[in-house]
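As structure tokens, the structure follows; a few thoughts come after it.
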Amino acid sequence: MTASEAIVRLNGVSKIYGQDTRVPVRALDDVTLSLKKGDFAAVAGPSGSGKSTLLNMIGGLDKPTEGRVTVAGQDLGELSRNALADFRLYHIGFVFQAFNLIPVLSAVENAEFELLMQGVSKEERRERVREELTGMGFTEDQMHRRPDELSGGQQQRVAIARALVARPDLVLADEPTANLDSTTGGRLMDMMAELNERTGITFLFATHDPMVMDRARRFIQMRDGRIENDEVRDRTTASHA
């Protein structure tokens, strides 16, 4: 797959909740969108605009009522539940607002969880995770701390490492800076931008945070389940303030 090829395609995607009720909710309304390999994109909009539903469709966490979602050349609608779980494991990394770390596991053990599920050997898991966490500024001691012994920024970095060490094609991040102060959030966004430049992994953020919007090189604005604006920015114009 070359940099010019789409890694994500949505064709006429709608999602209607409560179809059998008197007041169905159309969370997505005939959305067509494509993301290229290496995009660093943010989707924004008011609460209820459909941005989290959009991420859920792309991540295969929910199915569209109408339309087609293709990721890395695979039509997600053609996959069984088990095949879809396997596809996500190898192709899509998730970074959640609540971090979703396992409380009884250390930073290293949390970060290597996806690799464990992939069947990667312990030696390779530890090598890849240590390299990632070291690059994120973790000391040896911090790598062996549990989540409740880490700051919010450190916990989010562990969550990002967990998403990245599996070397996915795509990382989906839902409000990744929501629980962080502006300084920590800015550092994390700069770190992810550097990883995007270095590895070519595609990033898509759902966000309310102006800082995330400013750093994105593609800005997608949603309202009432539709894409209102889709702006591709020159790399030099994205803010790094």
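Taking Gly77 as the residue in question, decide whether it is farther than 13 Å from Thr202 by Cβ, in contact (Cβ under 8 Å) with a residue 40 or more places away in the chain and either part of a strand (DSSP E or B) or not acidic (Asp, Glu) (or both).
Working: farther than 13 Å from Thr202 by Cβ: yes; in contact (Cβ under 8 Å) with a residue 40 or more places away in the chain: no; either part of a strand (DSSP E or B) or not acidic (Asp, Glu) (or both): yes.
No; evaluated as a whole, the condition is false for this residue.
Annotation note: Cβ proximity below 9 Å between a residue of region 43-72 that is crowded, with 17+ Cβ neighbours inside 10 Å and assigned to a helix (DSSP H, G or I) and a residue that is of a type in the set (Phe, Trp, Tyr) and at pLDDT 95 or above (sequence gap 6+ or interchain) occurs for Leu55/Phe205. Only one entry in Glu109, Glu114 is over 26 Å from Ser14 (Cβ atoms), among the acidic types (Asp, Glu) and either free of Cβ contacts under 8 Å to residues at least 24 places away in the same chain or in contact with a Cys (Cβ under 9 Å, 6 or more places away or on another chain) (or both), namely Glu109. Cβ-Cβ contacts under 6 Å between residues 6 or more apart (or on different chains), taken from a first residue in region 126-149 that is under 20 Å from Asp190 (Cα atoms) to a second residue that is of a type in the set (Lys, Arg) and in a helix (DSSP H, G or I), are listed as Met136/Arg157.
Please enumerate the residues belonging to region 16-42 that are hydrophobic (A, V, I, L, M, F, W, C) and in a strand (DSSP E or B).
Of region 16-42, the ones hydrophobic (A, V, I, L, M, F, W, C) are 16, 23, 25, 27-28, 31, 33, 35, 40-42.
Ile16, Val25, Ala27, Leu28, Val31, Leu33, Leu35, Phe40, Ala41, Ala42 - these are the residues of region 16-42 that are hydrophobic (A, V, I, L, M, F, W, C) and in a strand (DSSP E or B).
Restricting attention to region 179-203, the residues that are free of Cβ contacts under 8 Å to residues at least 40 places away in the same chain, among the small types (Gly, Ala, Ser) and either under 13 Å from Ala41 (Cα atoms) or part of a strand (DSSP E or B) (or both) add up to 0. With respect to the conditions (1) over 13 Å from Leu101 (Cβ atoms); (2) surrounded by 22 or more Cβ atoms within 10 Å (Cβ to Cβ); (3) under 12 Å from the mean Cα position of the chain (by Cα), Ala159 falls short on a single one, namely (1). Test each condition in (1) free of Cβ contacts under 8 Å to residues at least 24 places away in the same chain; (2) not in a loop (DSSP other than H, G, I, E, B) for Leu89 and report the one that comes out false. Of (1) free of Cβ contacts under 8 Å to residues at least 24 places away in the same chain; (2) not in a loop (DSSP other than H, G, I, E, B), only one is false for Leu89: (1). Do the conditions hold for Ala206, that is, is it in contact with a Phe, Trp or Tyr (Cβ under 6 Å, 6 or more places away or on another chain), surrounded by 15 or more Cβ atoms within 10 Å (Cβ to Cβ) and touching a residue at least 40 places away in the same chain (Cβ under 8 Å)? Spelling it out, it is not the case that Ala206 is in contact with a Phe, Trp or Tyr (Cβ under 6 Å, 6 or more places away or on another chain), surrounded by 15 or more Cβ atoms within 10 Å (Cβ to Cβ) and touching a residue at least 40 places away in the same chain (Cβ under 8 Å).
Take Asp230 and decide whether it is under 29 Å from Thr53 (Cβ atoms) and either touching a strand residue (DSSP E or B) at 6+ places or on another chain (Cβ under 6 Å) or in a loop (DSSP other than H, G, I, E, B) (or both). Give the steps one after another, and end with the answer.
Working: under 29 Å from Thr53 (Cβ atoms): yes; either touching a strand residue (DSSP E or B) at 6+ places or on another chain (Cβ under 6 Å) or in a loop (DSSP other than H, G, I, E, B) (or both): yes.
When the stated conditions are applied, Asp230 passes them.
Look at (1) at pLDDT below 95; (2) closer than 18 Å to Arg88 by Cβ and you find that Ile58 fails only one, number (1).
The values are calculated or read from the model by the stated rules, or taken from the named source; none is laboratory data. Given the structure is predicted, the values throughout are model-derived calculations rather than measurements. When we count neighbours, we look across all protein chains shown, and the Cβ atoms used for this are built from the backbone with ideal geometry, even at glycine.
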